[in-house]
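Nothing in this text is a laboratory measurement; each read-out follows from the coordinates by a stated rule. In this text, all values refer to a predicted model and were calculated from it rather than measured experimentally. Cβ sites come from the backbone with ideal geometry, for glycine too, and all protein chains shown count toward neighbours.
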Amino acid sequence: MLSRRIWDSFFRVPLLGWLIGILIAVMLEHLLGDSLVDVLGLSKIPALFGFVIILKNPILMPGATLYVLLIYIIPVSAVARISSWPANKLAARLLDFPIWFSVVIHLGLFYAALHMWSEISAYRLLTLKLTLIAIMVTLSLNVVNGYMGEFSCSHPGFMALGAYAASVVTVVLFVNDRLFGPALLAPAFGPFIFPVALVTGGMVAALGALAIAIPSFRTRGDYLAIISLAFMFIIKSMIENLEVVGGPRGLSSQPDYANLPIVFFWTIACIWMTNNFVRSILGKALNAVRDDEMAANAMTVNTRRTKIIAFLFAAFWAGVAGGLFAHVLRYVNPATFGLQKLAEVLAMVYFGGLNSVYGSIVGAVSLSLLGEALRPLEIFKWIIIPLLLILVMIYRPTGLVAFKELNVRNLVKPKQ
Amino acid sequence: MRKVLLLLVSCLVIGLILSPCVWSKTKIIKVGINAPLTGDIPKVGEGTKYAAQMWLEDIKSAGGLEVGGKKYPVELVIEDNESKAESAVKVNTKMITQDEVMVIVGPQASSQAIPAGEVANNYKTPMISPWSTNPDTTKNRPFVFRGCFLDPFQGPVAANFIKEEFGFTKAAVLYDVASDYPKGLAEFFKKAWEKANGAGSVVAFESFTTKDVDFSSQLTKIIKSGAEVLFTPQYYNEVALIVQQAHELGWNKPITGSDSWGSAETVELCGKDCYGLFFSTHYAAAGAKGATKAFIDRYNKKYGYVPDDVGALTWDALQIVQKAIQSYGKITGNVEKDRKGIRDALANIKEFDGITGKMTFTEDGDPIKCAVIVRISEKGEYEFYKSVCP
C-alpha cells in the first residue's frame, strides 16, 4: 500500500520538478563524482550509466550500480518528490505568461543539465551530439514513413547531400584546403555563416528530394521505396565519382563549429517545426492522404502537393542533420551513407513508433545509447539489438510510442 | 518488497567489499586497440585482435613491461569500431578520455583512420595505424603514425616489377571505384606505368563498385583491349571472383595485385586459379626466416591459420609501441606527460627491425620500408620472390 502511494506521488511531479532533479543530480556528479568513484573502486566516472563498465568488467558491477543509484536515481527522485509542491506552483505561475516563456525556461534547465552532464567527459559529449543528430534524422524520416505512410529509403542520400553541401560551403570559405585552395573569408565569420551552410545543406537535400518526388508521387505503393532506394545509391556513387570533393577518400578538415549548443539548438528547432508541421492543417491532410488518398482527394485535399511538401520538408531536415554530422565528425566519406545507415535510421523509426514525435525521440535515443552501451559485446550486439527489434515488432507492431501527439502545453503544465 | 530491497543492498555491500579497490591505484600501461571486429571487414579485426593478444601474452609471461628498470602491468583496451567512421571516432574518444590509454593501435582502414587520427592528434595521444595507406591519415598530425608504406610507393613498385619481370608494355587495370584504397592505388599504378611505357600504355582502365560480383563485361573489354597483364588492387573476396571469371573468359596472361591480396582467405576462395600469380605486399609468409617465421608459426599454432599482413603489421606496431615506451624510460602516472614522451620516442625510432622489414619514421610519421613481391606457389603458399626498397 505504502509503495503504491509513493509510486503514485511521482505522477504528480511536473516536468519542471524532474528537470530540477536532473540538474541537481548532475551538479552532484560534478562535486562528488570523483571522490565517490574512488570510494567505490571504479577507475573513472561511468560515462553512460555504468553499462560499459559492467559489460567489460563484471566484478565492478556493484560499484557501478551503486554509483548510478547514488548519483542519479536517488537524488533525481528525491529532489523531484520534495520539490513537487513548489514546482507545481511555479509551473502554474509560468503558465500565466505566454506559453513560449515557460517552454524557454524548461529548455534552459534541460540544456544546463545536458551541458554539465557532457562536461564530465568528451566521450559523453560526442555520444550526446550524435544522439541529437540521430533524433533529427529519425524525426524527419518519421514524417514520410509514419505521417505520410509511404516507405522512403533515401534518407542516407539526403544526409549525404546535406553533409557534403554544408562541408563544401564551410571548407571553401574558411579553411585552407588542398582541394579548394585558400580560405575566402576570415575564420572569425565562421560561426555566423555556419547556419547558412546548414540551411544550404538542407536546401540541396530538398532539391534532391524534388527529383524523387516528381516521378514517384504520380502513383502510390512501393514505387517510392524503389525509386528512393535507387536515389540513395545514385547519390553515393555520384559522390564517389566526384573528384572535387575527394571521391571515395572523403572530405575532411571541416572547421569545428558544431558544438553542443549549436547541435542542441538545431535539434530543438527540428522537433518544434516538425511538431507544428504535423499538427497543422497540412499535417492533418497528410494523415488523410495516408489513410485513404481517394477520400482525401474528394475532401478537397490537394494530395500531390501535400505529399511533395512533406517529402521536401523531411529531406530538408535530413540535410541539416547531415551537415551537423559532418561537422561533428569533421570528416565525411560516401561509404558512411549506405545501406547500413539506412537500416539504422529505419530501425530507430520503427522501434520508437510511427506517427509520433515522442516515438522518434525514444527510438533514436534508445538505439543510440544501446548501440554504445553494448559495444563491448562485439558480435553479440548485432544479435541482441535485432532481437529487441523483433520483439517490439511482435508485441507493439507500430513501435514503442506510436500515434501519440506531442502537446507542449500538456507537457509543461502543473500536475496537481 | 522490503526483503528484496534488503537483499539487494546486502548484495551490493558484499560485492563492494570484494571488488578490487586496492589494485586500481597501481600504475598500469594501457594500450588501446581500435579494430573493426564487426562490420564489412571482420577478418581484419580478428587478425588485429589476435596479434594484440599474442603480444599481451608475451608481456604477461615476462611479468609486465620493463620500463626504466621497473616492471609495469599492461592492459589492452580492445574496442570494436564496426568498420564505421563515426564509431571509430567514438571509440578513440572513449579510449582517450575514459580509459586513458597511453597509445592507440588502429584503426586499420583509412576511412576510419583519417577521422580517428584527428581525434588522437587533438587529444595529443600517439596513435599508430598499422594498415592505413592514405596520406591524409598522418599528414600534419604529429601524434599519428602508420606501420606500412604508402600507395605512392607501392604503385610504382608493382608497375616496375611487371616491366622488369615480363617486359610487357600494355597493361589493364580493374579496380573498385567506390573504395578509396583500390582507387588510389590504381591511379598511382597507372601514373607509374605510363611514365615507363608512354601515354596510352594502360590500354584498359576499368572500374566497378563495392559488392559487385559479376565482372564479365569489364573483363571482356580488358581481353579485347590487347593488354598483356591485368593489375587489380582488390580485397580477397573480389580477387577470387575476378581471377576465376577472367580465366573462364579465356584470359591466360598474368594477373598481379597489391598488399590487399595478402589475406589468408585469398587462396582459400580462389583455389588453383590463383597459383603462380604475383602481388606486392609487406611480408611473405612462406619461406620466412627468423622472427617472422617464429611469429607465423606461433600464430598458426594458436589460431589455426597463417596470419595475413594485418596481423603482422599490428604485431610490428605493438613492438614499436613497446620499444617507444621503453626508450621513453619512465612512467610518471601523468597520462598527458607520458603520451607526449612516448610520441617523441616514437618519432625518434631509427631502423626498427620488425617482422615486416626495417623501418624508420619520416617527419610525417610514415615509415620508410621495403616492399616484398610474393608469388602464390603451387601449394597455395605465399612465397617470397623479391624485395624492392625505396
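Kindly identify region A:257-327 as rounded, prolate or oblate by the Cα gyration tensor criterion: order the square roots of the eigenvalues as a ≥ b ≥ c, call it rounded if a/c is under 1.5, otherwise compare a/b with b/c, prolate if a/b is larger, else oblate. Taking the square roots of the gyration eigenvalues as a ≥ b ≥ c, region A:257-327 is prolate. Across region B:230-308, Cα-Cα pairs farther apart than 16 Å form 52% of the total.
In this structure the amide hydrogen of B:I128, modeled in the peptide plane, comes within under 5 Å of the amide hydrogens of B:I104, B:V105, B:G106, B:F145, none closer than 5 places in sequence on its chain. The sum of -39500 (n - 2.57) across all DSSP H runs of n ≥ 4, divided by the residue count of chain B, sets its helix-only mean residue ellipticity at 222 nm to -14500 deg cm²/dmol.
Which of the three applies to region B:195-260, rounded, prolate or oblate, going by the alpha-carbon gyration tensor with a ≥ b ≥ c and a/c under 1.5 meaning rounded? Note, shape of region B:195-260 comes out prolate. Mean separation of Cα pairs under 8 Å and 6 or more residues apart, divided by the residue count, gives chain A a relative contact order of 25 percent. Seen from B:D99, the other residues with C-beta closer than 10 Å to its C-beta sum to a net charge of +1, counting Lys and Arg as +1 and Asp and Glu as -1. Angle check, please: helix B:236-248 long axis (alpha carbons) against the longest principal axis of chain B (alpha carbons), in degrees 0 to 90, nearest 10. Taking Cα atoms only, the helix is inclined about 20 degrees. Could you grab the relative contact order for chain B? Cα pairs under 8 Å, six or more apart, rounded to a whole percent. This gives 16 percent for chain B. In degrees between 0 and 90, to the nearest 10, how far off the longest principal axis of chain B does helix B:110-122 point, with axes built from Cα atoms? Approximately 40 degrees, to the nearest ten. Each residue of region A:287-296 was assigned a 3J(HN,Hα) from its phi angle through the Karplus expression (A = 6.51, B = -1.76, C = 1.60, θ = phi - 60°), giving 4, 5, 4, 4, 6, 7, 5, 5, 5, 4 Hz with x at Gly and Pro. Quick one: grab the alpha carbon gyration tensor of the protein assembly as shown, order the square roots of its eigenvalues as a ≥ b ≥ c, and give me rounded if a/c is under 1.5, else prolate or oblate depending on whether a/b is larger than b/c. Oblate is the answer for the protein assembly as shown, as a/c is 1.5 or above yet b/c matches or exceeds a/b.
Taking amide H atoms as placed 1.01 Å from N in the peptide plane, the amide H of B:V173 lies under 5 Å from those of B:A204, B:F205, B:E206, B:F231, each 5 or more residues away in sequence or on another chain. Per-residue packing, averaged as other Cβ atoms within 10 Å, sorts the ranges A:38-49, B:149-160, A:399-410 into the order B:149-160, A:38-49, A:399-410, beginning with the highest.
Here the calculated FRET efficiency for B:H247 and B:E268, from their Cβ-Cβ distance with R0 = 22 Å, stands at 0.80, rounded to the nearest 0.05. Across region B:208-321, the mean sequence separation of Cα contacts (distance under 8 Å, 6 or more residues apart), normalised by length, yields a relative contact order of 22 percent.
In this structure, the pairs whose alpha-carbon distance is over 29 Å, taken from B:K163/B:K272; B:K195/B:K293; B:K139/B:K340; B:K43/B:K183, are B:K195/B:K293.
Neighbours of B:A240 by Cβ distance under 11 Å: Lys/Arg scored +1, Asp/Glu scored -1, total -4. In chain A, a dipole from Cβ-located charges (positive for Lys and Arg, negative for Asp and Glu) runs towards its positive end, and of A:V263, A:A318, A:V301 it is A:V301 whose Cα lies farthest in that direction. Once the Cβ-Cβ distance of A:D177 and B:K124 is raised to the sixth power relative to R0 = 25 Å, the FRET efficiency obtained is 0.60. Shielding by partners for peptide B:82-90, expressed as the average number of C-beta atoms from other protein chains within 10 Å of each residue's C-beta, is 6.
The label point for A:N259 and the one for A:V244, both projected 7 Å from the Cα toward the Cβ, are 3.2 nm apart. Model label sites at B:K27 and A:Q416, defined 7 Å from Cα along the beta-carbon direction, differ in position by 5.6 nm. Packing, taken as the mean count of other beta carbons within 10 Å per residue, orders the peptides B:286-295, B:48-57, A:139-148 from highest to lowest as A:139-148, B:48-57, B:286-295.
For chain B, the longest principal axis of the alpha carbon atoms and the long axis of helix B:85-97 meet at an angle near 30°.
Each label was represented as a point 7 Å from its Cα along the Cα-to-Cβ direction; for B:E381 and A:A188 these points are 6.9 nm apart. Using the Cβ-Cβ distance between A:E405 and B:T209 with R0 set to 51 Å, the FRET efficiency from 1/(1 + (r/R0)^6) comes to roughly 0.70. Shielding of peptide A:333-341 by partners, expressed as the average count of other chain Cβ atoms within 10 Å per residue Cβ, is 4. Peptide A:243-253 is shielded by partner chain Cβ atoms: per residue, an average of 5 of them sit within 10 Å of its Cβ.
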